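The values are calculated or read from the model by the stated rules, or taken from the named source; none is laboratory data. Since the model is a prediction, treat every value here as computed from it, not as a measurement. Glycine also receives a Cβ, built like all others from the backbone with ideal geometry; neighbour counts cover every protein chain displayed. Surface accessibility is based on the protein's heavy atoms, side chains included, excluding ligands, DNA and RNA. Shrake-Rupley method; radii C 1.70, N 1.55, O 1.52, S 1.80 Å.
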Amino acid sequence: MRQRSRRRIMRATVELVDQRGYAGTTLTDIAERAGLARGLLSYYFDGKRLLMQSATHRMMHQALSGALAELAPDASPEARLARAIDAVLALAMEHPRVMRSHLALILDPDTGAFVQDPEQQQLGAILQGLLADWGAPDPTAEHAVLRSALMGGCIGVLLPGAELPLAPIRADLFRRYELPWELGRPPQAAPPERERPPARG
C-alpha cells in the first residue's frame, strides 16, 4: 500500500508539472490528482523539491527499463547502451517542463544537494550495468561521466531561446562510446554532416 501510494504521488507530480510547470503545481494539486489526503504527501516526501526529483527519477527509470525491454535478449552491449542514451534524451523532448524543472532544482545550490533516492539508485544501477557490459574499466566512475553528459545533452536541447538540435548532441555522445549512428532510435537517417566519415576516393 505504501509503495502504491508513493507511485501515485510521483505519477501525479509528473502529469501536473508537464501541464502547469513546477511553480504552477502545488502539493495540494498533486494530492488531489493522486486521490490522496494532502497530509500523506508530507508523510512520504520531505517537501515539494524532494518529491519533484524523486518523481523525475522514477520517470527516467521507467523509460529506461521500458526501452531496454523492447530489445532482443541477445542485443549487443552497444545496442543496449545506445538505446539507453536515446531513451534519456527522448525524455527531454517529450517532457520538457519536467526535465527543465528537474535540472533547475539539481543545479541550484540554494535548494540542497542532489537527491539519491531509491529511484535514482535503480536508474544508476541499470546504467552502471550497461557500462560494465560495454567494457568500461570502472563502471562507477564512467556512470558519473555518462550522467553528466546526459544532463548536458538535456540542457542543450532544453535551453530556452538557445536550444540545440538533438542530432549533434546525440552524435557527440555516440562518438564518445564508439556507437554506430544507426543503433538505438536515431532522430534522422544520417548523422550530422561533420560526423560522417570522409568519402573514399
*asked:* I'd like the Karplus ³J(HN,Hα) series for segment 90-95: coefficients 6.51, -1.76, 1.60, θ = phi - 60°, whole numbers in Hz, and an x wherever there's a Gly or Pro.
replied: 4, 4, 5, 7, 8, 10
*Using only the Cα atoms of the chain, what do you get for the radius of gyration and for Dmax, in Å?*
18.1, 70
*In segment 63-94, the GluC sites (Glu not before Pro) that fall in loop regions by DSSP, at most 15 other Cβ within 10 Å*: GLU70
*State the volume of the convex hull built on the alpha-carbon positions of segment 144-187, expressed per residue in Å³ and rounded to an integer.*
66
*If you plug each phi of segment 120-125 into the Karplus form 6.51 cos²θ - 1.76 cosθ + 1.60 with θ = phi - 60°, what whole-Hz ³J(HN,Hα) values come out, in order, with x for Gly and Pro?*
5, 5, 5, 4, x, 5
*asked:* Springs between alpha-carbon pairs under 10 angstrom, Gaussian network model over the chain: which of ARG49, ARG58, ARG175 fluctuates most?
replied: ARG175
_Suppose every Lys and Arg Cβ carries +1 and every Asp and Glu Cβ carries -1, with no other charges. What dipole size does segment 43-201 come out with about its Cα centre, to the nearest 20 debye?_
320
*Compare GLN53, GLN122, GLN188 in a GNM of the chain, Cα atoms joined below 10 Å, and give the one with the largest fluctuation.*
GLN188
*For ARG20 paired with MET93, estimate the spin-label separation in nm (one decimal), with each label point 7 Å from Cα along the Cα-to-Cβ line.*
2.9
*Taking springs between alpha-carbon atoms closer than 10 angstrom, which of LEU131, LEU150, LEU27 fluctuates most in the Gaussian network model of the chain?*
LEU27
*Quick one: if you stick a label point 7 Å off each Cα along the C-beta vector at GLN116 and GLU178, how many nm between them?*
3.0
*Working from the pairwise distances between different alpha carbons, so that the mean of 1/r is found and then inverted, what is segment 120-171's Kirkwood radius in Å?*
12.0
*Residues of the chain: accessible area per residue at 1.4 Å, in Å²?*
52
*May I ask you to give the percent of accessible area on the chain that is carbon plus sulfur, with a probe radius of 1.4 Å?*
54
